[in-house]
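A short worksheet on the structure shown next.
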Amino acid sequence: MRLPVPDRQRRAEALELAHDAWRRAKAAVRRTPGLFVVSLLLGVSLWVFVTDTENPTIVDFFPQPITVEAVNVGESLAVANQLATVNVRISAPSDRWEDLTAANIRAYVDLKDFGARSQDVPILVEVQGISGIRVLDVEPRSITVNLEDLVTRNVPVRARTVGSLPTGYELGNMAPATTLVQVSGPESLVALVSEAAADVNVTGLTVGVEQGVTLKPLGAGGAEVRGVRLEPDTVRVAVEINQSTLVRTLPLTVEIVGNPDPGFRVSSVVTSPAAILVQGPIEALQQVDSIALPSVNVNAARTDIVRSVAIPLPPGLSFVDRERATVTVSITPMSGSFRLSLAVATEGLASGASATVTPGNIEVVLEGPLPVLNALGTADVRATVDLIGRVGTVTVPVTITVPEGVTIASVQPQSVAVTISSR
């Protein structure tokens, strides 16, 4: 565990006691020279006490595990297993502890004179680069090391691609500069290696390249085998990229057949997508400027028409992405105007009174969708004057009431004269 640091009050009290003891010791030495040795010992003790008070010693496990390395491995041997990590318990002044890193701690097993077999080997630990640090313990204190005969054999190099080429391009020949490399390591691991893979990234390539690639030792199942070494560990790979087809964007068109219902019209025609990517030989692409979709019949239509259709491709071309399109034909009512003469009706006339309206009829021009205007009846449009609280001869504005969707373009006249009389 890490030892606690004394608080300020206790530290101040301890220092005061130490200084007082030192003053008393010096006075005693002056009176009694024989006490010099005692004074010297007291001074050393005081120095140790003050040092530990100002910079206390910390005893704890280093917070990071340390990887164990193997040293002095025989020339004809190799370590076949993954060496474990260990935890190291150390003692260090607090200021040294703060500077300590994993790079300063070295844990290793000395395999000098060890033969090819599995055996437990004690772990040795040393601290490098920082003085004043003691290693107290290591957990575990030993690990199992499996030593095997060091063997070497040849394996083939296989070039592989990573990523994908742009549309219209295809991979040609891939030739590694070296077809065989040596794999060396523990006998059991070398036996697992079936090939050395050279992964070439071809993403976005449109021309041939030659790349230097780091080799990976692979087993029969395609997994990487660790703990072995390839020589050489890199290889140059020449990659051919060929343009197989051209890619072109072609707009989509559609023919509208027939006529909407009277009073309606085709307001817009939209295809989604508006254009598609196609690919093919340049001779075939030069013959095409657009792609015509199947026609849409709008005969007697009063509402929008939506169709999902297959995109017909000219001979020799192929799709890059989309193979179907959606056609939306918007049908909207045609706008028009309608003139009519309306008799002005009175509202709010007092009981027992009569009214004379001059002029008795007004001219009204209405605008709106033709189907709505054509369907208007005599009761759908009214012209009225409000006579509530009015007497005598007055000029009153005319109110026009129309159905929804119809607007009033003009009213002539906008006001009429009304003479109100009692019966």
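Specify the residue that is modelled with the lowest pLDDT; the eligible residues are those in segment 145-167 that are under 23 Å from V237 (Cβ atoms) and outside any strand (DSSP E or B). Can you show your working first?
First, the residues of segment 145-167 that are under 23 Å from V237 (Cβ atoms): 153-166.
Those still in the list that are outside any strand (DSSP E or B) too: 163-166.
Numbers: G163: 91, S164: 89, L165: 87, P166: 84.
It comes out as P166.
A residue that is at pLDDT below 90, farther than 26 Å from A223 by Cβ and either surrounded by fewer than 19 Cβ atoms within 10 Å (Cβ to Cβ) or not small (G, A, S) (or both) cannot be found anywhere in segment 173-191.
Table: residues versus (1) surrounded by fewer than 16 Cβ atoms within 10 Å (Cβ to Cβ); (2) in contact with a Pro (Cβ under 8 Å, 6 or more places away or on another chain); (3) under 30 Å from G263 (Cβ atoms).
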| position | (1), (2), (3) |
| --- | --- |
| A284 | no, yes, no |
| V306 | yes, no, yes |
| P312 | yes, yes, no |
| L317 | no, no, no |
| S335 | yes, yes, yes |
| A355 | no, no, no |
| V365 | yes, no, yes |
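The set of residues in segment 371-401 that are buried (at least 17 other Cβ atoms within 10 Å of the Cβ) and in a loop (DSSP other than H, G, I, E, B) comprises V381, L387, R390, V398. Of the strands (runs of 3 or more DSSP E) lying entirely inside segment 197-290, those carrying at least 1 residues that are closer than 30 Å to L370 by Cα are 246-257, 264-272.
For segment 43-62, check the following and say yes or no: at least one residue is loosely packed, with under 12 Cβ neighbours inside 10 Å, at pLDDT below 90 and under 41 Å from the mean Cα position of the chain (by Cα).
no
Of all residues in segment 334-357, those that are in contact (Cβ under 8 Å) with a residue 12 or more places away in the chain have Cβ atoms under 6 Å from Cβ atoms of residues that are basic (K, R) and in a loop (DSSP other than H, G, I, E, B), 6 or more apart or on another chain, in G352/R423; S354/R423. The one condition from (1) closer than 30 Å to F264 by Cβ; (2) of a type in the set (K, R); (3) surrounded by 13 or more Cβ atoms within 10 Å (Cβ to Cβ) that R339 does not meet is (3).
Quick one: in segment 63-103, of everything that is among the polar types (S, T, N, Q) and more than 30 Å from E187 (Cα to Cα), which residue is surrounded by the fewest Cβ atoms within 10 Å (Cβ to Cβ)? Outline the logic, then answer.
Narrowing segment 63-103 to residues among the polar types (S, T, N, Q): 64, 67, 72, 76, 81-82, 85, 87, 91, 94, 101.
Keeping just the survivors that are more than 30 Å from E187 (Cα to Cα) gives 64, 87, 91, 94, 101.
Numbers: Q64: 12, N87: 15, S91: 16, S94: 14, T101: 10.
For segment 63-103, the residue satisfying everything is T101.
Looking across segment 321-377, the residues that are of a type in the set (S, T, N, Q) and in contact with a helix residue (DSSP H, G or I) (Cβ under 8 Å, 6 or more places away or on another chain) come down to S335, S337. Restrict the check to segment 254-261 and report whether at least one residue is farther than 30 Å from N81 by Cβ and modelled with pLDDT under 90. Within segment 254-261, one or more residues are farther than 30 Å from N81 by Cβ and modelled with pLDDT under 90.
The values are calculated or read from the model by the stated rules, or taken from the named source; none is laboratory data. This structure is a prediction, so every number in the text was calculated from the model and none was measured. Glycine gets a Cβ as well: all are built from the backbone with ideal geometry, and neighbour counts include every protein chain shown.
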